[in-house]
């Protein structure tokens, strides 16, 4: 199936489903939808970083420190996180990614509810060639240097998720506005249930 034909749930600013539409239409009309971001770490704690293929509908040829993607119509965030991590890393048998928080991303490329997860991947990876053009594992320090350095074109939603993840992990206020976990403010960060 052509990715543009995949049917997605359309949601409102409170992440409630209000309809369904093909992915191409969702992107073209800028409709809110749902995505998952999964930070994958190896046994040494390094982060999986990759460059997206030039054929991607959104942010082609950009670097990303998350694997993930859109939720299909009727799909749950947790199921999508496991599916996307397995597909993009090219592994089966991953543990279920740990949900961390979600936020409403609004920026270049549109707007979507983004649920951030983390997973430990101790298996050899074989990323999908249709999704990932290049990949490596970076230490946290090296990733922070690459993000700050500006020499790589990062996906804007991934940068926003990473900024929030670093603030969330540090237990501090979110830089540049946004909300602390759980305050429910529009565009703020909400913790995962049970966290």
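The values are calculated or read from the model by the stated rules, or taken from the named source; none is laboratory data. Since the structure is predicted, the reported quantities are computational estimates derived from the model, not experimental observations. Counting neighbours? That spans all protein chains shown, and the Cβs are built from the backbone with ideal geometry, glycine included.
Values for this structure:
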{"quantity": "Residues that are touching a strand residue (DSSP E or B) at 6+ places or on another chain (Cβ under 7 Å) and more than 13 Å from residue 158 (Cβ to Cβ), drawn from the stretch 55-73", "calculated": "60, 61, 70, 71, 72, 73"}
{"quantity": "Any hit, the stretch 32-40, residues being outside any strand (DSSP E or B) and surrounded by fewer than 16 Cβ atoms within 10 Å (Cβ to Cβ)", "calculated": "no"}
{"quantity": "Residues being outside any helix (DSSP H, G or I) and either modelled with pLDDT under 60 or exposed (fewer than 15 other Cβ atoms within 10 Å of the Cβ) (or both) - total across the stretch 138-189", "calculated": "24"}
{"quantity": "Answer residue from the stretch 53-67, given it is under 15 Å from residue 161 (Cβ atoms) and at pLDDT below 95 and is surrounded by the fewest Cβ atoms within 10 Å (Cβ to Cβ) among those", "calculated": "59"}
{"quantity": "Conditions (1) under 13 Å from the mean Cα position of the chain (by Cα); (2) in a helix (DSSP H, G or I); (3) buried (at least 22 other Cβ atoms within 10 Å of the Cβ); number of the one not met by residue 50", "calculated": "(2)"}
{"quantity": "Qualifying residue in the stretch 16-31 (condition: within 19 Å of residue 117 (Cβ to Cβ) and surrounded by 15 or more Cβ atoms within 10 Å (Cβ to Cβ))", "calculated": "no"}
